[in-house]
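Below: one structure, written as structure tokens.
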Amino acid sequence: MMEKYDWIPPCLDISEIKTFFKEFPIEKIPIHATQGINERKKNLFRQIPKQDISPNFCDHLKNKKTFQSYLKFTSKRDFSALDIGICMKNSNQDISCKNCDQNIEKDSIYVHASDRSTYLSKNYKNLYHPDCFKCSTCNEFLADLVYCMDKGKLYCMRHYGELFKSRCAICDEVS
């Protein structure tokens, strides 16, 4: 019987989806009616704060200066750092995971993260085992493969924002 997943990586067939999740603890796999769905939702809310995505969710943008600063920061992030990992099958290459330095086995699934700062150079060094595709700060799996990259390190949107701006402990907005 095929599990009903709440989320699956795009571009993978059924057997590849099972391969993708095989190294994850069962409680982290987003299968319908399991703890994995709650884990995924918790990670989405924690890693991708809505106020980091849209000014509509921000209360501190009271004047033109703070609004322009917010737009400048989010535009730069969206253009130069924000991306979604791409899952691929290792078809015969001798490749290793950037996070753990272990070999990525033939016929296994890996995640490729583009470094937008070197995007045109076709840098294929940012390859990860699925369970190694984690934020450098919180060490959590990057929810729905959404990541930001800075100086070759992966971050969730929350921790990428905190590299450059402080976050209010009360309203959780970056300023």
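The number of residues in segment 126-154 being under 8 Å from the mean Cα position of the chain (by Cα), assigned to a strand (DSSP E or B) and touching a residue at least 60 places away in the same chain (Cβ under 8 Å) comes to 4.
Of all residues in segment 70-85, those being touching a residue at least 40 places away in the same chain (Cβ under 8 Å) and either over 17 Å from residue 49 (Cβ atoms) or of a type in the set (Gly, Ala, Ser) (or both) number 4.
For the structure I just gave you, tell me whether residue 63 is of a type outside the set (Lys, Arg) and loosely packed, with under 11 Cβ neighbours inside 10 Å.
Details: of a type outside the set (Lys, Arg): yes; loosely packed, with under 11 Cβ neighbours inside 10 Å: yes.
Against the criterion (of a type outside the set (Lys, Arg) and loosely packed, with under 11 Cβ neighbours inside 10 Å), residue 63 qualifies.
Within segment 1-30, the residues that satisfy the criterion of being surrounded by 15 or more Cβ atoms within 10 Å (Cβ to Cβ), of a type in the set (Val, Ile, Thr) and out of contact with any helix residue (DSSP H, G or I) (no Cβ under 6 Å at 6 or more places or on another chain) are 17, 19.
Any read-out appearing in this document is the output of simple, stated calculations on the displayed coordinates, not a laboratory observation. Here the structure is a predicted model, which means the values were calculated and not measured. Here the Cβ is made from the backbone with ideal geometry for all residues, glycine too, and neighbour counts use every protein chain on show.
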